[in-house]
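Quick notes on the structure that follows.
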Amino acid sequence: MKTIIHKNILKGMFMALAFSVGCSDDFLERPPKNSLIDATYYQTDEQVLAGTAFLYSRVWFDYNDQASFALGDFRGGTAFSAWNNRDNVEFNTTANTAANGNAWRAFFNVVGQSNTMLKNIQQFAGPEVTPRIKNQALGESRFMRGMAYQYLVMNWGPVPIIEDNTQYLNGESVYRNTEASVWRFITKDLRAAAELLPETPVQPGRVTRWSAEAGLARAYLTRAGVSETGESTGSKNQVFLDSAMYYAQRVINAPGYDLLEDYADLFKVDYANGISYDNNPESLFSLQWVHPGGWGSQNSTPAYLTYNAEIANGDGWGGDVGATEWMLNLYEGMEDNGYTQDERLKATFMLPGFRYPEVMRATTVNGEPATIPLVYPFSGTDQNYAAVKKYITGKTTPENAAQQSYGHDTYMIRLAEMYLIYAEAALGNSMSTSDPQAIEYFNAVHTRAGLQPVSGSITFREIFNERIKEFAMEAMAWYDLVRLWYWNPQMAYDIINEQDRGLFFIEPDQMPNPTSWEFTDTEWYEFNNANASGANFRLPIPATEMSSMPSLGEAAVDYYAE
């Protein structure tokens, strides 16, 4: 039974890589065609860059496909599915939940393939490979491994640290390492990546020094709450908070990166006018997808979130998916007045009457098939949804998209997060701050959304809520809760348990051109609130992994202990 673990947790770690990507200005422009099996491959800069290109897509696919939003948003409470993914919506994710196993497998795929690339480049890179490109490849591999381990440790706590895939070729048992040592490992990887990577991308979409430093800012902010014992101390490490502020500010001031003026532009995919947000100045790290590019290199996520086949491309299976009532009430003014000035709402979720000129809907005009801009409809029943807008493309041609195959990218780190990381780190161990720089950075994100600036001071809950609104449907909410849980578990439980995750009815005051909306709970729907506690907060290790490698259930050990 020991071989099963190799097909799951260590999948890809023991296999030669059988694909690559041709090199051009856009490093994912051409489909896979080369082999990386033997030592003769890494002889030119182009071949080395082709070798690391898959680290931006295929290895992350099983996470991006559905697990990203199932864990990040359904489990995090920003969105729900009325009839599907109920384990995650109800905060009862089990060892057999599909998203749990898919995410675990994907993250360890990233780790394994990063390890393979590090070994291959160090051993086989030929004399014609320039130091610049060799460092790029090594930096990308360290960066990706560090990022994958952030997801692993935040989801499952102690996990195995694996640097050399060949150590497990003979079926040796795999043991977990303590959370503190995993975070130390993450920090070392990202610091090494920052030293290896250039300040400007070698090709559009490639990570840079600033991507690695952004990862460090995120890691230090989270690590500040991690104790050596794994138990909450109720406070945060000030040295790590200072490091989070240091790296966040460096990235904010880095040349070539800036917040986009219009939040909605971050997610616009307007094929008719040739507009796409991919690799814009706010993107620090994005997964790079292509259509058509073969299964695993395309973006399949829109298939499960698009609310109707009329605006889809052979799919559109998200008819029961939408914002939770808790999420909608976070937008300033919605709970009290049924209306908000926050422009992020329309860019993230659809309410009845919202108009989207860039999202085309299939219909008939004078009896003939046609496409027209979407006006999100009103369903006059006791159940309807604030459907997902973010990342949704609308109806287009086969050249641009097909069933479960889209080419637009997925944000993993945006510059806006650096502004809010600085603000949160500036709180220190207080629940509010009047730090002028923290308030300035908070307002940079807040006012872009069309809201009035705050003054005087900002609180932890204001920053937390701002993050939820800024990154809703970007698979971030769950990880924000985990970061809070490290130093204040009860607050994390309270936030989850206060979230209304039930079915509700959205009624506009008028159609067309509504000016406000009212939410009414659907009385016959039985579930509304989760019951988070220490017993169910962390994800259980997937059942297939535990059954095939019981050593994963043993006490974690310090990776750095002598």
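Those residues that are touching a helix residue (DSSP H, G or I) at 6+ places or on another chain (Cβ under 8 Å) and outside any helix (DSSP H, G or I), I need them from segment 111-129; list them, please.
125, 128, 129, listed by residue number.
Yes/no matrix, rows are residues, columns are (1) buried (at least 19 other Cβ atoms within 10 Å of the Cβ); (2) without any contact (Cβ under 8 Å) to a residue 40 or more places away in the chain; (3) within 30 Å of residue 235 (Cα to Cα):
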site: 371; (1), (2), (3): no, yes, no
site: 384; (1), (2), (3): yes, no, no
site: 399; (1), (2), (3): no, yes, no
site: 407; (1), (2), (3): yes, no, no
site: 412; (1), (2), (3): yes, no, yes
site: 439; (1), (2), (3): yes, yes, yes
site: 457; (1), (2), (3): no, yes, yes
site: 462; (1), (2), (3): no, yes, yes
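Given the structure, is residue 133 assigned by TED's automatic domain parsing to the domain that holds residue 48, crowded, with 19+ Cβ neighbours inside 10 Å, more than 20 Å from the chain's Cα centre (by Cα) and part of a helix (DSSP H, G or I)?
Yes, satisfied.
For segment 531-562, which residues satisfy the criterion of being under 16 Å from residue 154 (Cβ atoms) and over 26 Å from the mean Cα position of the chain (by Cα)?
556
Checking residue 515 against (1) out of contact with any helix residue (DSSP H, G or I) (no Cβ under 9 Å at 6 or more places or on another chain); (2) within 25 Å of residue 92 (Cβ to Cβ), which single condition isn't satisfied?
So the condition that residue 515 fails would be (2).
Residues are listed down the side, and each one gets a yes or a no for (1) more than 22 Å from the chain's Cα centre (by Cα); (2) part of a loop (DSSP other than H, G, I, E, B); (3) crowded, with 21+ Cβ neighbours inside 10 Å; (4) not aliphatic (A, V, I, L, M):
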| site | (1), (2), (3), (4) |
| --- | --- |
| 474 | no, yes, yes, yes |
| 512 | yes, yes, no, yes |
| 515 | yes, yes, no, yes |
| 518 | yes, no, no, yes |
| 524 | yes, yes, no, yes |
| 529 | yes, yes, no, yes |
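What residue, of 108, 69, is assigned to a helix (DSSP H, G or I), under 20 Å from residue 472 (Cα atoms) and at pLDDT 95 or above?
None of the other options fit; the residue is 69.
Determine whether residue 39 is modelled with pLDDT under 95 and assigned to a loop (DSSP other than H, G, I, E, B).
yes
Just the residues that are over 22 Å from the mean Cα position of the chain (by Cα), in a loop (DSSP other than H, G, I, E, B) and either under 16 Å from residue 280 (Cα atoms) or of a type in the set (Asp, Glu) (or both), please, taken from segment 185-201.
Residues satisfying the conditions are 199, 200.
The values are calculated or read from the model by the stated rules, or taken from the named source; none is laboratory data. What you are looking at is a predicted structure, and each value in this text was computed from that prediction instead of being measured. Note: ideal-geometry Cβ built from the backbone for every residue, glycine included; neighbour counts use all protein chains shown.
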